[in-house]
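Asks: First the structure, then my questions, so here it is.
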Amino acid sequence: MVKPSRSYRVFQGVNGVVLTLVVLVTLYPFVNILARSFSGERQIRAGEVTLLPKGFNLTTYEIVFQDSMFWRNYGNTVLYTVVATAVAMVLTTCYAYVLSKKNLKGRGVLVGIAVFTMFFTGGLIPNYILVTSLGLKNSVWAIALPNAISVFNLLVMKAFFENLPAELEEAAQIDGLSTYGTLLRIVLPLSKAVMATMVLFYSVSFWNSWFSAFLYMDRTDLMPVTVYLRNLIQGATGGGNAGAGTEQLSQVGANIQSVTIVLTALPILCVYPFVQRYFVSGVMLGAVKG
């Protein structure tokens, strides 16, 4: 075994130090937000909270958790995220698979249509009129359908499909598989990395989204938790003052934003470790030709 050179060992040491500093800088805001969410208002305003809570306080969490509307809106968020992600994955996968066929007639036009939407949109008012005229308001489809395809995700998945060996599909066709059979039984099982990456991208996007629901939902009980927490920051519970009042919120105003961030980010942080092993390979395989 060849002994590493001195310069290589120095490089490894410097690289390790730099990466450690990057990890610490990245983690500090998360740890600080978590500490602030459990700290007292006076300590936060005084700037005493860094990595550990000061003046331990659970008042804000109690205010949120005691409101039944919070759990209703949280359930809505889970429903919207699951349905919208499923719709987005089906449409994006089908569109990307079609675009990956270089012998497809009109392929350039279809790619151009997709890329065009990255730079030009119909605008807020026309979109609102369209969704309203289709009768999609106050339904999950108002969130899922207008944002069903991300062009960036589409292009990454298209590039991934293009890198798959053409011989596999040719062999499948010889064995009698149809186009749909080839996609379901050959292509998708080989695309777990990019599929997991796209699921992560879409689910994070839909989970954190609040404006679509704020725009298209008229009933409070249909709102996602992001809108609930937005209203909470502004001094309302989003549930017709079913839980905490303005007086209670004024007592915890200094850490309510931290609580909001923790409650919103927690589910995604719990899911990410299960799909992160696919993340790098999924993006790289879909973005690098050769």
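The values are calculated or read from the model by the stated rules, or taken from the named source; none is laboratory data. Because the structure is predicted, anything quoted here is derived from the model rather than measured. Glycine gets a Cβ as well: all are built from the backbone with ideal geometry, and neighbour counts include every protein chain shown.
Asks: Quick one: Ile186 ticks every box in (1) within 29 Å of Thr77 (Cα to Cα); (2) surrounded by 12 or more Cβ atoms within 10 Å (Cβ to Cβ) bar one, so which box is it?
Replies: (1)
Asks: Now, a different point. Looking at this structure, is Glu48 over 30 Å from Asn138 (Cβ atoms), surrounded by fewer than 18 Cβ atoms within 10 Å (Cβ to Cβ) and among the acidic types (Asp, Glu)?
Replies: yes
Asks: I've got another one for you. Hey, among the residues in region 100-138 that are crowded, with 16+ Cβ neighbours inside 10 Å and part of a loop (DSSP other than H, G, I, E, B), which one's farthest from the chain's Cα centre (by Cα)?
Replies: Selected residue: Ser100.
Quick grid of which residues meet (1) surrounded by fewer than 13 Cβ atoms within 10 Å (Cβ to Cβ); (2) assigned to a loop (DSSP other than H, G, I, E, B); (3) of a type in the set (Ser, Thr, Tyr):
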site	(1), (2), (3)
Val23	yes, no, no
Thr26	yes, no, yes
Ile33	no, no, no
Tyr61	no, no, yes
Ala86	no, no, no
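Asks: Would you check if Ala213 is modelled with pLDDT of 75 or more and of a type in the set (Gly, Ala, Ser)?
Replies: Answer is yes for this residue.
Asks: Pull up region 12-44, narrow it to residues that are under 30 Å from Asn57 (Cα atoms) and of a type in the set (Val, Ile, Thr), then point me to the one that is modelled with the lowest pLDDT.
Replies: Applying the filter and picking the extreme gives Ile44.
Asks: Here is a follow-up. Return yes or no: is Arg6 among the basic types (Lys, Arg) and surrounded by 11 or more Cβ atoms within 10 Å (Cβ to Cβ)?
Replies: No, not satisfied.
Asks: I'm checking my understanding of the structure. Among residues of region 139-170 that are over 25 Å from Val82 (Cβ atoms) and of a type in the set (D, E, K, R), which one is surrounded by the most Cβ atoms within 10 Å (Cβ to Cβ)?
Replies: Result: Glu169.
Asks: Of all the residues that make up region 148-186, how many are closer than 16 Å to Thr197 by Cα and either not aliphatic (A, V, I, L, M) or not assigned by TED's automatic domain parsing to the domain that holds Ser209 (or both)?
Replies: Selection size over region 148-186: 6.
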